[in-house]
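Have a look at the structure below, then the notes.
The values are calculated or read from the model by the stated rules, or taken from the named source; none is laboratory data. Everything numeric in this text was worked out from a predicted model, so none of it was measured. Don't worry about glycine lacking a Cβ; one is built from the backbone with ideal geometry, like all the others, and counts go over all protein chains shown. Keep in mind that these areas ignore ligands, DNA and RNA; they rest on the heavy atoms of the full protein, side chains included. Shrake-Rupley method; radii C 1.70, N 1.55, O 1.52, S 1.80 Å.
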Amino acid sequence: MFTKVGKIKAWVLWDSESTNTNITPSYAQVAEIPISQLSKEYILQLGTVGSRSTVKFGTYLNPDLPECVKPIYVDVANFDYYDMIIGTPTMLANKVLLDFDKSQVIFNGIAIPAVEVDLSDTDDIPDLWQNWYNNYQDIVNGTPDKLLPFQDVNHEIHLIDESKQYKYHFPKCPNSLHSQFHEKCEQY
């Protein structure tokens with residue numbers, strides 16, 4: 001659902017499993033929402049393995065929602081797809097009900113219609129996936145089993161100062177290709 005926050009509308013997720021209410025830094029900048037640095041940053045742990053972000057900023061907002069008279073505190077955090085996530089504490093404080101039967105959010109007793117998602121054009125997804133796979137097969141199939149054929153070097157580069165000592169780190173190579181790699185290195 002879209003809700004006006006600051007100067008523009010935000011694409012909002014009503015998340016009954018989230019304990020925080022958040023906005024993205026990019027949305028805060030575009031909507032010209034002033035933010036404040038927190039005295040102590042904390043880690044935002046999401047519901048999937050390895051998904052963590054650090055929260056360093058926060059602010060108070062007055063979203064354009066019915067009967068919302070008190071400012072809502074939000075953290076500023078990086079996440080995808082949505083501009084704002086409204087969590088359980090904010091929903092409890094504003095008597096929010098998520099009515100899935102009627103596709104609406106009831107905020108302080110006032111119904112707000114949810115955005116309908118059109119799934120009629122999803123029939124072509126398998127064809128799109130197959131087309132992408134065919135077009136980009138060379139980069140989606142993983143590492144090749146053998147190295148590319150050797151090519152002669154047909155040029156010289158005179159940028160190396162013989163009197164200067166350079167720090168050099170050898171290139172990394174998968175164990176399965178070590179013998180082919182060393183053969184190529186010896187040719188140079």
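Details
- Condition check for Phe79: of a type outside the set (Lys, Arg), over 21 Å from the mean Cα position of the chain (by Cα) and modelled with pLDDT under 90: no
- All positions within the range 39-49 that are at pLDDT below 90 and either touching a strand residue (DSSP E or B) at 6+ places or on another chain (Cβ under 8 Å) or farther than 19 Å from Asn78 by Cβ (or both): Glu41, Tyr42, Ile43, Leu44, Gln45, Leu46
- Which listed residue is within 15 Å of Ser18 (Cα to Cα) and of a type in the set (Val, Ile, Thr), from Ile106, Ile85, Ile33: Ile85
- Filter result for Thr21 (farther than 25 Å from Leu97 by Cα and polar (S, T, N, Q)): no
- Looking only at residues in the range 50-67 that are over 17 Å from Lys7 (Cα atoms) and among the hydrophobic types (A, V, I, L, M, F, W, C), the one that is modelled with the highest pLDDT is Phe57.
- Some residue of the range 78-88 being surrounded by 13 or more Cβ atoms within 10 Å (Cβ to Cβ) and of a type in the set (D, E, K, R): yes
- Those strands (runs of 3 or more DSSP E) lying entirely in the range 1-62 with at least 3 residues surrounded by fewer than 18 Cβ atoms within 10 Å (Cβ to Cβ): 8-14, 36-45, 52-61
- Residues of the range 89-118 that turn out to be open to solvent by 40 Å² or more (accessible area, probe 1.4 Å) and among the aromatic types (Phe, Trp, Tyr), as a count: 1
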